[in-house]
Protein chains: 2
Amino acid sequence: MERSSTTPGGSARREATRQKLYEAAVTLIAEQGFSATTVDEIAERAGVAKGTVYYNFASKSVLFEELLRHGVGLLTASLRDAAEKTAREGGSRVDALDAMIRAGLVFIDRYPAFTQLYVAELWRTNRAWQSTLMVVRQQAVAVVEGVLREGVANSELSEEIDVPLTAAALVGMVLVAALDWKSFQPERSLDDVHAALSRLLQGRVSGHR
Amino acid sequence: MERSSTTPGGSARREATRQKLYEAAVTLIAEQGFSATTVDEIAERAGVAKGTVYYNFASKSVLFEELLRHGVGLLTASLRDAAEKTAREGGSRVDALDAMIRAGLVFIDRYPAFTQLYVAELWRTNRAWQSTLMVVRQQAVAVVEGVLREGVANSELSEEIDVPLTAAALVGMVLVAALDWKSFQPERSLDDVHAALSRLLQGRVSGHR
DNA sequence: GTTTTTGTACTGACCAGTCAGTTCAGAAGA
DNA sequence: TCTTCTGAACTGACTGGTCAGTACAAAAAC
């Protein structure tokens, strides 16, 4: 009997196989892109037969879509956690943003391939999984937007800021800086990178003022 | 007689054909990715025969590499212009950064497909044109780094900033915000977007201080 | 008369998806 | 405990289609 959808229930064995396939697919697709990655490669890297891929997923693109959902789920949860923890501990909204920057960096540090793949596919148009991507993007950005809005509401942040645009810009700042970090100067520490971005967030770039 | 390398010289007619091919390729690859775009499609969209593609470029990936070089050349020139113009008019380095943000937005506004494609390919590893990308990326980021360094040198900017990382973060901020603008709220004006990013750059996000 | 483009046809490699058959893990019976 | 049975999970050779790149003769363009 086949399943092949977003099935939470499933034997332990099956779940393990799916996990192996996710891991194989994420690195290969990050390196080469979706179309340049063959199902045979994914199966080989995961150490299973090609048929197993199709036993577990309806198609190559379904595998990819579920991979996306899975990964962004992790990211969103981690951002939300960071924001809530800050709030619980009585931090300001700017502190929450800062904590989210760090959470983003930690995520990218742990799952660089996923991040790479996400960025590469996010702005493509005319692709099968377009709608999935939109949903999934909105989930992540919405967390940032939420904190910005709260900050504006309690006038901790200027009410002139453009919430959606600023949220996108912040996400972009972290994303690109982190990918650069991983690609071009991987020896640096997370704290280092975090400090640099924090400074930018809090406008401590200019010398005086 | 064949040519098919980075040939600056070439008849006007040939140059026109190449231009048509660039334009066709850039939109198709931005939408679908490199591997999912066929040479037949590119030829058809450009309104030329398939043989013409191979008369003008050695292969599909050579066409793509030259496209990259061509596009980033335009961007780099435009950033440099903005920085120099500001300097000539006696603006500060922060003004120069602001002008470069605007130049970046103008570029993305004019060549959204190229930008999309560039972002999608930049962090891929294991691809044929990897080295081309590295060179080309460095060209663009170097312009921003240059201005930051000058700012630090004349202590207009804090000497604690991390130049390469901050440059990457700024580029990312503009890139992602602009792609979001184009993809999700294209009705907004360039000035609007510029104002939001400018505010972020100058730390005018917090309400007080 | 030389360069560039056209159009069509072709080849050979590659690849997503299929399917008939095999293995496995654990339940039911002895 | 050991055997048999069952359905879920997995296998890998195979198929049909797609596509990069080639070939080339004839026509435009310069």
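The values are calculated or read from the model by the stated rules, or taken from the named source; none is laboratory data. All of these numbers come straight from a predicted model, not from anything done at the bench. Cβ coordinates were reconstructed from backbone atoms using ideal geometry, including for glycine residues, and neighbour counts include every protein chain displayed. Each accessible area value is taken on the protein alone, full model and side chains, heavy atoms only, with ligands, DNA and RNA left out. Shrake-Rupley method; radii C 1.70, N 1.55, O 1.52, S 1.80 Å.
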* To do: Starting from the range A:18-29, take each residue that is touching a residue at least 60 places away in the same chain (Cβ under 8 Å) and list its partners that are part of a helix (DSSP H, G or I) and of a type in the set (Lys, Arg), counting only C-beta distances under 8 angstrom and pairs at least six apart or across chains.
  => A:27/A:45
* Hits in the range A:103-125 (condition: of a type in the set (S, T, N, Q) and surrounded by 20 or more Cβ atoms within 10 Å (Cβ to Cβ)) -> A:115, A:116
* To do: Consider only pairs whose beta carbons are under 6 Å apart and that are at least six residues apart or on different chains; among these, list those whose first residue lies in the range A:88-113 and is more than 30 Å from residue B:124 (Cβ to Cβ) and whose second residue is in a helix (DSSP H, G or I) and open to solvent by 30 Å² or more (accessible area, probe 1.4 Å).
  => A:93/A:150
* Structure fact -> When restricted to A:168, A:128, A:140, the only residue under 28 Å from residue A:70 (Cβ atoms), free of Cβ contacts under 8 Å to residues at least 40 places away in the same chain and either surrounded by 15 or more Cβ atoms within 10 Å (Cβ to Cβ) or out of contact with any Phe, Trp or Tyr (no Cβ under 8 Å at 6 or more places or on another chain) (or both) is A:168
* Asked: Can you name every residue in the range A:14-42 that is within 9 Å of chain B (Cβ to nearest Cβ), open to solvent by 10 Å² or more (accessible area, probe 1.4 Å) and either within 14 Å of residue A:65 (Cα to Cα) or of a type outside the set (A, V, I, L, M) (or both)?
  -> A:31, A:32, A:34, A:35
* For the range B:73-90, state whether one or more residues are within 14 Å of DNA strand C (Cβ to nearest atom) and modelled with pLDDT of 95 or more. => no
* Identity of the residue in the range A:171-197, open to solvent by less than 20 Å² (accessible area, probe 1.4 Å) and of a type outside the set (A, V, I, L, M), that ends up nearest to the other protein chains (Cβ to nearest Cβ) -> A:172
* Return the residue satisfying two criteria in turn: it lies in the range B:78-102 and is among the small types (Gly, Ala, Ser) and part of a loop (DSSP other than H, G, I, E, B), and of such residues it is surrounded by the fewest Cβ atoms within 10 Å (Cβ to Cβ). => B:90
* **Any pair with Cβ under 7 angstrom, 6 or more apart, that starts in the range B:173-186 at a residue that is at negative phi and ends at one that is open to solvent by 10 Å² or more (accessible area, probe 1.4 Å) and in a loop (DSSP other than H, G, I, E, B)** => B:179/A:123; B:181/B:188; B:183/A:123
